[in-house]
Amino acid sequence: MQLRSVNVGRPKPVDYGGKVFQTAVFKDPVQDRVQVTKHVLEGDGQADLVSHGGEFMAVYAYPFEHYDHWATELDRQDFVPGQFGENLTIEGLLEDEVYIGDVFKINDVFLQVTQPRYPCYKLDIRMGLAGFNRTFHDSARVGFYFRVLEVGDIGAGDKIERISTASQGLSVADVYRLMYTDTEDLVGARTGAALESLSPEWRDKFAKRLEMEGEPTRADVSGKEKEDPDTLVVTFEDTGQVVAWNPKYENLLEFAEAQGLDVAFGCREGNCHTCACELMEGEVEYVQEPELAPDEGDVLICCAVPKTDVVIDL
C-alpha cells in the first residue's frame, strides 16, 4: 500500500454555467513533504465549511486504481493526481477492503477512516462534465475520508501501513451501499447508526431512517377529494401515488422516503444535486436555498417543500 501523491488546493473563484463559484476542488500535487494538522493539510482549504472539512472530513483519499476505470469510461487521457479532488491519491486500498474505523500510518501520521465521500456538483466543475457527480455516485467508486489521530508530515512515495482494522464492522463500500442502495436494510442501518467510528453525520442519517421507519408511512388520498381544502397533495408520477402532504416532514425527500419510495440522494443539503427530480406540475419553495439552482423544470427535493399541489417524477 502506497501514497502515490499528496494534493492540495485553496478556494478560488471558478466560472461555471455562467455563475462564479468559490471552490477548492482543484487540487495540485505537491513535490515536497506536507504537514498534516488535525483538520487540514498544509496548503489546502475548503470553500464550503458546512459540507467539507472539519474533524471527520479532514483528509480525502481516492484509490489510484479507479483512474483507469474513469479513463476508459470517459475516454480521457488527461487525468493528473488530484483529479477527483482528493488530498491523497492512494494505491492498494479499495472501498470494499477498507473498514470504517481502520487506522493507517503514513510516516508519523496516524489516520482513521470515518466515512465515504458523497460527491457534489463541484466535481462536475473539476471534470468539466455536467452530471458527472451523479455518474460518480452511481459507480460507488467514491473514496473515503480520514480523521487525523496524530499529526506529522507525509509525502508521495510513503508506505501506508494498516495499524488496526475494524473488519468485524462495515466497510466503506458497505456503508455507501446501505445509505444509497439497500435503503430497506434496517439491520444494516442499525449497525451504521451504532458504529462509533462512523462520522456523526452519517450515524445521524442512519438513525433518522430508523426513526422514520417507526412512523406511519402512508396517508394515501388517491381517488379522494381533499377533506381539508388547505391540505396540499403530492403526486409521485412514476409510482402513481397521490399523497396528502404532511408538514411535519422537513422536505420532499423525507416525505418520499416515508411513503416507502427509493429515492436517490447524496448530501441532503442541496449541494450535490443527486436528488434532482422533474417538477411536472405545481410550485415548491426552498427551505434551504441551493448554491447552484437545478436545471429548469427540476427540483432538489432534499431542501424543498410544496407551495401548491405538485406532481413530481422521481
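Quick notes on this structure:
- Filtered residues of the stretch 43-75 (kept if modelled with pLDDT of 95 or more, of a type in the set (A, V, I, L, M) and over 18 Å from residue 91 (Cβ atoms)): 57, 58, 74
- Long-range neighbours under 8 Å by Cβ, at least six apart or interchain, first residue over 15 Å from residue 115 (Cβ atoms) within the stretch 137-153, second outside any strand (DSSP E or B) and among the β-branched types (Val, Ile, Thr): 151/37
- Taken over the stretch 168-218, the residue count meeting the criterion of being in contact (Cβ under 8 Å) with a residue 12 or more places away in the chain, assigned to a helix (DSSP H, G or I) and aliphatic (A, V, I, L, M) is 11.
- Hey, residue 289 among the charged types (D, E, K, R), assigned to a strand (DSSP E or B) and either surrounded by 17 or more Cβ atoms within 10 Å (Cβ to Cβ) or outside the structural domain of residue 181 (by TED's automatic domain parsing) (or both) or not: no
- Enumeration of residues in the stretch 292-314 that are under 23 Å from the mean Cα position of the chain (by Cα), surrounded by fewer than 20 Cβ atoms within 10 Å (Cβ to Cβ) and in a strand (DSSP E or B): 298, 313
- With respect to (1) farther than 21 Å from residue 148 by Cβ; (2) crowded, with 16+ Cβ neighbours inside 10 Å, the lone exception for residue 43 is condition (1).
- Note on the stretch 23-34: residues that are exposed (fewer than 14 other Cβ atoms within 10 Å of the Cβ) and polar (S, T, N, Q) total 1.
- Within the stretch 274-292, being farther than 20 Å from residue 237 by Cα and not aromatic (Phe, Trp, Tyr) holds for 287, 288, 289, 290, 291, 292.
- Residue under evaluation residue 260, criteria (1) closer than 29 Å to residue 176 by Cα; (2) buried (at least 17 other Cβ atoms within 10 Å of the Cβ); (3) not acidic (Asp, Glu), criterion not met: (2)
- Out of 111, 93, one residue alone is part of a loop (DSSP other than H, G, I, E, B) and farther than 26 Å from residue 22 by Cα. It is 93.
- Taking (1) among the charged types (D, E, K, R); (2) exposed (fewer than 13 other Cβ atoms within 10 Å of the Cβ); (3) outside any strand (DSSP E or B) in turn, residue 15 satisfies each apart from (3).
- Count of residues meeting criterion [out of contact with any Gly (no Cβ under 6 Å at 6 or more places or on another chain), under 27 Å from residue 135 (Cβ atoms) and part of a loop (DSSP other than H, G, I, E, B)] in the stretch 36-70: 12
- Taking first residues from the stretch 287-314 that are more than 20 Å from residue 259 (Cβ to Cβ) and partners that are in a loop (DSSP other than H, G, I, E, B) and at pLDDT below 95, the Cβ contacts under 6 Å between residues at least 6 apart in sequence or on separate chains come to 288/270; 288/303; 290/270; 292/121.
- Residue check, residue 221 over 25 Å from residue 292 (Cβ atoms), surrounded by 15 or more Cβ atoms within 10 Å (Cβ to Cβ), touching a strand residue (DSSP E or B) at 6+ places or on another chain (Cβ under 9 Å) and modelled with pLDDT under 90: yes
- Among residues of the stretch 232-278, those that are over 30 Å from residue 47 (Cα atoms) and either outside any loop (DSSP other than H, G, I, E, B) or among the acidic types (Asp, Glu) (or both), counted: 15
- The set of residues in the stretch 18-35 that are outside any strand (DSSP E or B) and of a type in the set (A, V, I, L, M, F, W, C) comprises 24, 25, 26, 30.
The values are calculated or read from the model by the stated rules, or taken from the named source; none is laboratory data. This is a predicted model, so every value here is computed, not measured. In this analysis, Cβ positions are derived from the backbone assuming ideal geometry, glycine residues included, and neighbour counts consider all displayed protein chains.
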